[in-house]
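Read the structure below first, then the notes.
Computed from the coordinates by the stated procedures, all read-outs in this text should not be read as laboratory data. All values derive from a computational prediction rather than experimental measurement. Glycine also receives a Cβ, built like all others from the backbone with ideal geometry; neighbour counts cover every protein chain displayed.
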2 protein chains.
Amino acid sequence: MQLLKDRIRRDGKIKAGNVLKVDSFLNHQMDIELFQEIGREFRRRFADAEVNKILTIEASGIGIACVAAESFHVPVVFAKKTQTKNIAGEVYTTKVESFTHGRVYDIIVSKEFLGRGDKVLLIDDFLANGKALEGLAQLVGDSGAELVGAGIVIEKGFQAGGERIRSLGIRLESLAIVESMDEKTGTIVFRGDES
Amino acid sequence: MQLLKDRIRRDGKIKAGNVLKVDSFLNHQMDIELFQEIGREFRRRFADAEVNKILTIEASGIGIACVAAESFHVPVVFAKKTQTKNIAGEVYTTKVESFTHGRVYDIIVSKEFLGRGDKVLLIDDFLANGKALEGLAQLVGDSGAELVGAGIVIEKGFQAGGERIRSLGIRLESLAIVESMDEKTGTIVFRGDES
């Protein structure tokens, strides 16, 4: 998605440790008009998928998922990260390992809001090691719902998550795949643009 | 907002301890078409306010804020709840006491995304004791931005938050104010509808 790649090149900041900061438009301050374009692009790519629910994970996936949902005309459910139970009743739950925060947390979705008959599209802002996305896919599987695919805004193509998710047979559409970044020169190479 | 009150009466669940569960459409599963109506209503109520930024707090405020932002044509910033620093650089920060979770946490906003010249509308899903909203107002004040008001989807009128926020001189627009709830009969009385 060229608009997104241009925006990442313009406003993204490369930091030590292969960190790409896009918090001026994607995951702290949020450019809602960009989110609308992202939503339309997800809709275009999953036009054949008969999505009837979008599942994301708190916190930074929620805004993108909600705006994208307008293009699909479906509700959104967000999985909660928790170390305490704040939802009464029964939930689907799995553990996710966070490299960023160096700990394991539980993610939960109420059984009321995910189940047989749902055709679920996962949406998230970033895909790096893929643990969060794998956790969401696990919840969908546990619920008996059908996983139709995953839409990611930025995939870090040099980390293992994308390959792992694709190897699980999940249809993955990443709108920008960062193949490499150079902190010193500020250069970002996207997959498909290497030449 | 009649559409919202009707929805709360239909799908809200009253639980012990004055808990109103609206997680089927507001804060776990999210009805995006309802959010669009909510956004238009906030826009109508703050039409004169020249809002140029919306500030909310993770997690359940984000979806409403992002969809509402489409009616205002402004970006959204969400304050992060944190016990670790996950944003590089300088931040505005304050402490918020959570009654639900029985602990104090820090909320932070990067100084890059809030400051002089911003006319900020706060948006959140719930107002009960008002601590989160007060924390957000504090961050706006610290940043030198102008606080134009706060838009709340559901205010618990029988808790102290609304009165406290209004007494601070903050223009508060709550789309549904629950005056009382009865767990046994399932009855909800909204402010203005008592007769």
Within a Gaussian network of chain B (alpha carbon springs, distance under 10 Å), most fluctuating of B:109, B:76, B:91: B:91
Amide H to amide H under 5 Å from residue B:94: which residues, 5+ apart in sequence or cross-chain, H placed 1.01 Å off N in plane? B:107
Using a Förster distance of 35 Å, how high is the FRET efficiency between residue A:90 and residue B:47, based on the Cβ-Cβ distance and rounded to 0.05? 0.20
Bridge orientation stat for segment B:35-116 from DSSP, antiparallel percent rounded to 5, came to 75 percent
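Just to be sure I understand: of the beta bridges DSSP finds with both ends in segment B:150-189, what percent are antiparallel, rounded to 5?
Of all bridge pairs located within segment B:150-189, approximately 35 percent are antiparallel.
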Of all the stretches in chain B, which is the longest one without any exposed loop site, taking chymotrypsin sites (Phe, Trp or Tyr not before Pro) in a DSSP loop (any state but H, G, I, E, B) with at most 16 other Cβ atoms within 10 Å? B:1-98
Relative to the longest principal Cα axis of chain A, at what angle does helix A:131-143 sit, 0 to 90 degrees, rounded to 10? 20 degrees
Show me the three semi-axes of the equivalent ellipsoid for segment A:103-195, from the C-alpha gyration tensor (sqrt of 5 times each eigenvalue), largest first, rounded to whole Å. 29, 14, 10
Counting alpha carbon pairs within less than 8 Å and at least 6 residues apart, what relative contact order, in whole percent, applies to segment B:119-195? 29 percent
For segment B:22-29, 3J(HN,Hα) per residue [Karplus equation, 6.51 cos²θ - 1.76 cosθ + 1.60, θ = phi - 60°, Hz, x = Gly/Pro]: 10, 7, 7, 9, 10, 9, 8, 8
Distance cut-off 31 Å, percentage of C-alpha pairs in the protein assembly as shown lying past it: 35 percent
Each residue of segment B:104-112 in turn: what ³J(HN,Hα) in whole Hz from Karplus with 6.51, -1.76, 1.60 and θ = phi - 60°, glycine and Pro shown as x? 10, 10, 8, 10, 9, 9, 4, 4, 4
Going through segment B:99-187, which GluC sites (Glu not before Pro) have at most 14 other Cβ atoms within 10 Å and a DSSP loop state? B:183
Computed on alpha carbon atoms, what radius of gyration and Dmax characterise segment A:1-43, expressed in Å? 11.0, 34
Between residue B:79 and residues 5 or more places away or on another chain, which pairs have amide H atoms under 5 Å apart, with H built 1.01 Å from N, and which residues are they? B:56, B:57, B:58
Rg to Rh ratio, segment B:42-135, alpha-carbon atoms and Kirkwood radius? 0.97
Fewest-first ordering of B:51, B:96 by Cβ atoms within 10 Å yields B:96, B:51
What is the log10 of I(q)/I(0) for chain A, computed with the Debye formula using one identical point scatterer on each Cα and no solvent, at q = 0.08 Å⁻¹? -0.25
Connecting C-alpha atoms closer than 10 Å in a GNM of chain B, tell me which of B:63, B:130, B:17 has the biggest fluctuation. B:17
Does anyone have the angle between helix B:32-45 and the longest principal axis of chain B? Alpha-carbon axes, 0 to 90°, nearest 10? 70 degrees
Simple SL model, points at 7 angstrom along Cα→Cβ for residue A:171 and residue B:189; separation in nm is 5.3 nm
Calculate the length of the line joining the C-alpha centroid of segment A:123-195 to that of segment A:46-78, in whole Å. 16 Å
Karplus 3J(HN,Hα) series, Hz, for segment B:63-71 with 6.51 cos²θ - 1.76 cosθ + 1.60 (x for Gly, Pro): x, 5, 4, 5, 5, 4, 4, 5, 6
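Defining a contact as two alpha carbons under 8 Å apart and six or more residues distant in sequence, what relative contact order in percent does chain B show?
With pairs under 8 Å counted, the relative contact order is 18 percent.
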Rounded to the nearest 10 degrees, the helix A:2-11 long axis (Cα) sits at an angle to the longest Cα principal axis of chain A of 70 degrees
Stretch residue B:73-residue B:97 to full length: gain in nm at 0.36 nm per residue minus the Cα-Cα span? 5.4 nm
